[in-house]
Amino acid sequence: MTQPHPDVAITFACYNQVAYTKLCVDSLVRHGFDLGRLVVVDNGSTDDTRSYLQGLPLGGRLYNRENLGCGVAWNQGALALQAEWTIVMNNDVLVSAGWIEGLIGAAERFGLKFASTSLVEGDHDYDFDAFAADASARMASEVRRGARHGVCMLVHRSVWTQIGYFQPTPSLWGYEDTLFFHQLDRAGIPSGTVGASWLHHFGSITQKAMKQERGLSQRDGLGDRHNHRLLGQSFLARKWAKLQRERQRAAWNRGEVARHGISMHGLREHGRFDWRY
């Protein structure tokens with residue numbers, strides 16, 4: 001297998017949903033990634049996840065006795081195999097050919113220390129590899145500065161030194177990335193989402209399952225509804241910031257669709273792509 005970058009490591013956390021973990025790992029292997037550079041943190045799975053991981057030639061595997069949340073697990077994985085660039089991602093994704101080269105290359109070209117991939121979310125009823133090859137070539141020059149998401153996070157080692165790691169509080173249940181993004185902005189660390197690298201995301205499979213376990217509807221949040229207080233922002237400041245983000249996202253979307261016929265974030269549903277995201 002070839003190593004797509006001389007100093008990169010990948011980590012993801014998993015909690016049950018072993019079928020999606022297998023799809024993710026299979027896609028990594030299919031596109032030439034050395035599993036010796038992958039650290040998987042199992043957050044107390046009760047299905048066949050651990051026996052599956054035990055049979056893989058991973059760079060590291062850590063087993064938590066219970067679900068400690070994303071922040072704890074992401075930190076464990078990032079620290080277990082330290083590199084110039086660390087990719088922290090979901091386990092319910094498929095990667096594409098050249099996605100790491102495209103992601104790191106775009107980050108270096110645009111001067112980013114934190115970067116996220118473009119995404120298609122939803123049904124996997126299309127040829128993702130063919131789509132991603134075309135989309136990454138068409139969108140290679142596109143960057144949404146200041147935009148990012150928690151599905152895939154490329155972090156330069158200087159970021160850990162400057163602002164630290166993810167907040168290791170299990171009860172945050174998915175708010176860890178929002179807090180981390182807030183710290184990026186406060187520190188003035190350049191970040192963005194790039195069009196040169198694409199993933200297919202099945203759609204927060206683990207969080208959906210956890211909501212079902214807890215008897216929550218899919219509209220409910222897993223974490224405490226007061227987690228936003230950790231941002232230290234007033235109600236009006238949060239609402240204004242959200243409005244600004246939505247306006248900027250709409251402007252990015254319109255421009256990308258006008259130039260390329262697609263945007264960096266699409267939904268695949270009922271056999272069709274929707275690029276309004």
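Of everything in the range 100-129, what is aromatic (Phe, Trp, Tyr) and either under 26 Å from His270 (Cα atoms) or at pLDDT below 95 (or both)? Give them in sequence order.
Let us first name the residues in the range 100-129 that are aromatic (Phe, Trp, Tyr), namely 110, 114, 126, 128.
Passing the criteria: Tyr126, Phe128.
Pairs under 7 Å by beta carbon, first residue touching a residue at least 12 places away in the same chain (Cβ under 8 Å) in the range 243-272, partner assigned to a helix (DSSP H, G or I) and crowded, with 17+ Cβ neighbours inside 10 Å, six or more apart or different chains?
From residues that are touching a residue at least 12 places away in the same chain (Cβ under 8 Å), the pairs are Ile262/Ala135; Ile262/Glu256; Ser263/Asn253; Ser263/Glu256; Met264/Glu256.
Ala9 versus (1) under 20 Å from the mean Cα position of the chain (by Cα); (2) over 25 Å from Glu176 (Cβ atoms): which is the lone unmet condition?
Ala9 satisfies every listed condition except (2).
Give me the residue from the range 37-58 that is surrounded by 15 or more Cβ atoms within 10 Å (Cβ to Cβ) and assigned to a helix (DSSP H, G or I) and, out of that set, nearest to the chain's Cα centre (by Cα).
Arg37
Only one of (1) touching a Gly at 6+ places or on another chain (Cβ under 8 Å); (2) at pLDDT 95 or above fails for Ile87. Which number is that?
Status for Ile87: all satisfied but (1).
The conditions are (1) at pLDDT 95 or above; (2) within 15 Å of Cys152 (Cβ to Cβ); (3) in a loop (DSSP other than H, G, I, E, B), and Pro4 fails exactly one of them. Which is it?
The one condition Pro4 does not meet is (1).
Pairs only if they're at least six apart or on different chains, beta carbon under 6 angstrom, first in the range 36-65 and under 12 Å from Thr21 (Cβ atoms) and modelled with pLDDT of 95 or more, second buried (at least 20 other Cβ atoms within 10 Å of the Cβ) and of a type in the set (Asp, Glu); list them, first residue then second.
Thr49/Asp42; Arg50/Asp42
Matching residues to (1) β-branched (Val, Ile, Thr); (2) at pLDDT 95 or above; (3) within 21 Å of Ser197 (Cα to Cα); (4) not in a helix (DSSP H, G or I):
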| site | (1), (2), (3), (4) |
| --- | --- |
| Ser217 | no, no, no, yes |
| Ala237 | no, no, no, no |
| Leu243 | no, no, no, no |
| Arg249 | no, no, yes, no |
| Glu256 | no, yes, yes, no |
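How many residues does the range 59-106 hold that are within 17 Å of the chain's Cα centre (by Cα), crowded, with 19+ Cβ neighbours inside 10 Å and either assigned to a helix (DSSP H, G or I) or of a type in the set (A, V, I, L, M) (or both)?
Count: 22.
Among the listed residues Trp173, Trp198, which satisfies the condition of being among the hydrophobic types (A, V, I, L, M, F, W, C) and at pLDDT below 95?
Values: Trp198 fails: at pLDDT below 95.
Among Trp173, Trp198, only Trp173 is among the hydrophobic types (A, V, I, L, M, F, W, C) and at pLDDT below 95.
Determine if the range 259-268 includes at least one residue that is assigned to a helix (DSSP H, G or I), surrounded by 14 or more Cβ atoms within 10 Å (Cβ to Cβ), in contact with a strand residue (DSSP E or B) (Cβ under 9 Å, 6 or more places away or on another chain) and basic (Lys, Arg).
There is no residue in the range 259-268 that is assigned to a helix (DSSP H, G or I), surrounded by 14 or more Cβ atoms within 10 Å (Cβ to Cβ), in contact with a strand residue (DSSP E or B) (Cβ under 9 Å, 6 or more places away or on another chain) and basic (Lys, Arg).
Name every residue in the range 141-178 that is in contact (Cβ under 8 Å) with a residue 60 or more places away in the chain, part of a helix (DSSP H, G or I) and within 16 Å of the chain's Cα centre (by Cα), in order of residue number.
Those that are in contact (Cβ under 8 Å) with a residue 60 or more places away in the chain, part of a helix (DSSP H, G or I) and within 16 Å of the chain's Cα centre (by Cα): Glu176, Asp177.
The values are calculated or read from the model by the stated rules, or taken from the named source; none is laboratory data. Because the structure is predicted, anything quoted here is derived from the model rather than measured. Note that each Cβ is placed from the backbone with ideal geometry, even for glycine, and that neighbours are counted across all protein chains shown.
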